[in-house]
Amino acid sequence: MPINPDSGIPIYLQIADWIEDGILTGLFREDEKVYSQYQLAEQYSINPATAAKGLSLLSDRGVLYKKRGLGMFVSQDARRIIFSRRKSSVLQKKIRDTVVEARLLGLTEDELVDLLRKEMGGDH
């Protein structure tokens, strides 16, 4: 995943999101070691402290845990924690934004549901 310093999203959050995405897609599995702050810093040409901040955020959320002297590892509950947080905050905000936009465009509830079904791949 490329880091975009111009995106308006802090780099440490982009790092955390990238690792979370990797956990959800199976790139990183339970009890598997993730990249160190120094590996991330080198890979993305960023300050190691910035990478460490992203890793610490995930540790604070319970997504990662530290093994002293060995690094950061994916927790057994990581997928559930990420799913729950994203469903309750990230997805909910996107749904709210979508409903606001639909109202501005004058779409009916049925039209919005049809658009959602098409995007999800269902043709009910």
Quick one: is LYS53 outside the structural domain of PHE83 (by TED's automatic domain parsing) and either over 20 Å from ILE11 (Cα atoms) or of a type in the set (Asp, Glu) (or both)?
no
Looking at segment 8-29, is at least one residue over 14 Å from the mean Cα position of the chain (by Cα), hydrophobic (A, V, I, L, M, F, W, C) and surrounded by 12 or more Cβ atoms within 10 Å (Cβ to Cβ)?
no
Filtering segment 32-83 down to residues that are at pLDDT 95 or above, among the hydroxyl-bearing types (Ser, Thr, Tyr) and surrounded by 14 or more Cβ atoms within 10 Å (Cβ to Cβ) yields TYR35, SER36, THR50, SER56, SER59, TYR65, SER75
How many of the residues in segment 5-40 are in contact with a Lys or Arg (Cβ under 7 Å, 6 or more places away or on another chain) and not aliphatic (A, V, I, L, M)?
1
Within segment 8-47, the count of residues that are closer than 20 Å to ARG86 by Cα and either of a type outside the set (Val, Ile, Thr) or touching a Gly at 6+ places or on another chain (Cβ under 6 Å) (or both) comes to 18
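The values are calculated or read from the model by the stated rules, or taken from the named source; none is laboratory data. Quick caveat: nothing in here was measured; it's all calculated off a predicted structure. Cβ: placed from backbone, ideal geometry, glycine included. Neighbour counts: every protein chain shown.
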